[in-house]
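Here is the structure we will look at.
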Amino acid sequence: MALALPTYETDQLVSMIGSKRPLVGQLRVLLAPLMARKGPTRFLDPFCGSGAVSRLARGMGMQVMASDLEPFSFILNHVYLTLRSDDLVPMFTEMGGIDAYLSMLNLHGLFAAETGGGMTEPYLSRHYAPQETENPDLLGERLFFTAENARFLDAVREEIEHSWEERRISATEKTVVLASILYEASRRANTSGTFTAYHKDLLGSRSRIMQRCQLQAPLLPDEEVAQGEMHLCDAATFVKSRSADICFLDPPASVHQYGSAYHLLNSIAVWDRYAPSGCRDGEGRLSDRAGIRSDWKSTYSPFCSLKHADAAFIHLFGAIDARHIVLTYPASSLVSSERIVELLRARHDPVTVIPLQKRNQGGRQAKDGKQQIEQVFITGKSDAFSVPVGSGVDRLPLIRRLDALASAVFARPMEVPPFSFLGNVMLENSLPVETLLQMPLETLARRIGELERSVCSSGEQALHVLLSQAANMDLTAPVRAKLVKRSVSLVRSMAREVGVGRLKEIVMTCTAPQKVLEVMDAIAYHATQEE
């Protein structure tokens, strides 16, 4: 597989029902022509969810205003939509910086995971995990996490709350580490995307579930990216008081209420230690298998109801003040495609409908590998929507491949016009949509293929390439800084794959200025101390 660095737009995203992460490449093509010709593009996302599309819009230079009803979503997106990478630098000064604080939390969690100590009031490990991972009680214990990971999460979440109560961390610093623990909890959960059920065979679960928890710093955009907004309110209320160039709508499209589907993430976010029922039947089986919070209906969405979804769409469409509405909705769902077009045309005509294919996220995949048809409804005057539908759709698979190369590291200096590169080894930015549409299809495919064949095959090779280019004195200071920053991201992502000794050896054999090597060596040390 092509090796690429983690990217702001596609990594550290919580897996959720209906996630648009697989569609970000196609959505980039469809959103770009709708951007304002003068000034910043105001982008509304009232169903923010995992934040995948809002991150995409922010990365494209739009002024993002997003909202969601779920507390865990609000915390995650508050961090990823309102902060930039430089904002992390002055944080956690009393603890020696964010890397030092995360290392401390990881060591604290590791101690709890191994010994059961370091926490005063077990919560997840008492109600949502077995006492012993190797010998779970399949009838009387919930198996959402391994015993070790539940103890890790308990200890770290408790420590974060104590730090906040004792004013050792600020409100913003608290949200940063909460975002890290929420993402890690979602990754290590013994589920198929929601917390309404868990896999019965804990020991036979996927490797990501059995791996030990380890907090990572949020991957945030560079300083030139505009600061966004994140709110906690329902969609209609949110859009009613705001005008926009683009209003992106990704409403729930199934009967699954998000408050119940992600109840454990909300419990970790608010940390009120909601205690589920421990009642058992005559056979010792838990009566309340999922342990869902009793207050999940506080974030009830009418879009998840066969009875109320139609009226909810009418109310929402009537509240929107935007030049364009971009609505994504599965072809087979609660409200028919024909009805959605009818409702949109009542106030926002004309309407263009573009079918896209995507694999399901946050749930079981079809055994035959078939992809779900996702429809994109775009409203606005035809002269404002400049993407030729046929041409644009034909190129979407190529755009998806190109999007996957956004953070790739190339093994040799590249000259592939019309692409531009950072130090000739990384794509500098995405090409304008107009350029991609005007380029002959065969030419675009050939050049993307050339890029794919030149991607580094390992993290070690990529790190050598990045730091060697960073040592090139002909580069401008901003380009060199970006290459070093990408190297830092790569070192962090490699931390689990190799031991501390090997990672330090790799760093010290790279070609780079001594000060850069010292910094990389320190990062390698801190990253792997958490193992």
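The values are calculated or read from the model by the stated rules, or taken from the named source; none is laboratory data. Every value quoted in this text rests on a predicted model; they were computed, and no experiment measured them. Virtual Cβ from ideal backbone geometry, glycine too; neighbours counted across all protein chains shown.
Below is a table of values for the structure above.
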item: Unique residue being of a type outside the set (Ser, Thr, Tyr) and crowded, with 22+ Cβ neighbours inside 10 Å when the list is 176, 225; result: 176
item: Scan of the range 262-311 for residues that are aliphatic (A, V, I, L, M) and either farther than 30 Å from residue 343 by Cβ or free of Cβ contacts under 8 Å to residues at least 24 places away in the same chain (or both), ordered by number; result: 264, 265, 268, 269, 270, 275, 286, 290, 292, 311
item: Wholly enclosed helices (runs of 4 or more DSSP H) of the range 117-216 bearing at least 3 residues out of contact with any Cys (no Cβ under 6 Å at 6 or more places or on another chain) and modelled with pLDDT of 95 or more; result: 124-127, 147-165, 171-188
item: Residue that is under 20 Å from the mean Cα position of the chain (by Cα), farther than 17 Å from residue 289 by Cβ, outside the structural domain of residue 110 (by TED's automatic domain parsing) and not small (Gly, Ala, Ser), where the choices are 249, 264; result: 249
item: Index of the failed condition, residue 115 passing every other in (1) closer than 15 Å to residue 177 by Cβ; (2) surrounded by fewer than 18 Cβ atoms within 10 Å (Cβ to Cβ); result: (1)
item: Single residue of the range 340-355 satisfying the filter (in a helix (DSSP H, G or I) and not charged (D, E, K, R)) that is farthest from residue 23 (Cα to Cα); result: 346
item: Hits in the range 100-123 (condition: in contact (Cβ under 8 Å) with a residue 40 or more places away in the chain and either acidic (Asp, Glu) or closer than 18 Å to residue 209 by Cβ (or both)); result: 109, 110, 113, 121
item: Count of residues meeting criterion [charged (D, E, K, R) and outside any strand (DSSP E or B)] in the range 299-325; result: 2
item: Criterion violated by residue 245 - all others in (1) assigned to a strand (DSSP E or B); (2) over 21 Å from residue 63 (Cβ atoms); (3) of a type outside the set (A, V, I, L, M, F, W, C) satisfied; result: (2)
